[in-house]
Structures are given as structure tokens and as C-alpha cells.
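Read through the structure below, which is laid out as C-alpha cells, and then see the notes.
No lab work stands behind these numbers, since they all come straight from the coordinates. In this text, all values refer to a predicted model and were calculated from it rather than measured experimentally. Ideal geometry is used to build each Cβ from the backbone, glycine not excepted, and the neighbour counts take in all protein chains shown.
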Amino acid sequence: MPAIPHDQRKAGQIFKRGAELKHAHCQYLHAGALLYGAHGIEKEVDAGMAYLRESAESKFEGSLKLLAEYYEKGEFDLPADSQKAASLRAETEADDVIGY
């Protein structure tokens, strides 16, 4: 069976469009591309953090966990804040959290 070719640039554009349409998982994926400059997306930390926060506000599990990690480490100009990190991790246990 032939493998399906991976086109990361095309995928990046699809996730970008989904993020623009407020899809929480796409916002999470596009945020990562923006934060690190991946998949043909130019690095834009402020835009990446905005998408990540919006996705977390929608209660997407991955975004809550990633923001918690960034607060734990003090990355992307966030203050190192173990209490904020713990609070975000606790939010992942709610019944209304959107899983992967």
C-alpha cells in the first residue's frame, strides 16, 4: 500500500484556517506553529500566545496543559508561576474540557 504523502505546509494552512474559524484544536495546533515558526508559518509569538489563550478559554485540554507548562517554566515572556500552572492543570479535569 502506498503511503499518503505528508505536506506540512498545506496542513499548516488548513490548521490556520480552522484557528481563524475558532476551532479550539486548530487554534492549539496553529499556536504551536506560530510560537516556533513551523510548517511554513512565520514565527509570531504574540499571535501564537493569543491563539493558545483563546483555545484554553474554550477549555481545550492541550492548550490548558501547554499554558501550564509555559507558566511552570516561565517561557514566552510568561512569569514563572507554579500556582497558575497548577490551576490550569486542575482545569483539565473538568467534565466540560475538550479532549484531543
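At-a-glance table
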item: Spatially near lysine pairs across the chain, Cα under 16 Å, sequence gap of 8 or more or different chains; result: 6
item: Dimensionless Rg over Rh [segment 1-79; C-alpha; Kirkwood]; result: 1.03
item: Listed peptides 57-64, 92-99 by packing density, highest first (mean Cβ within 10 Å); result: 57-64, 92-99
item: Nonlocal amide H pairs with Phe60, under 5 Å, H built at 1.01 Å; result: Ile98
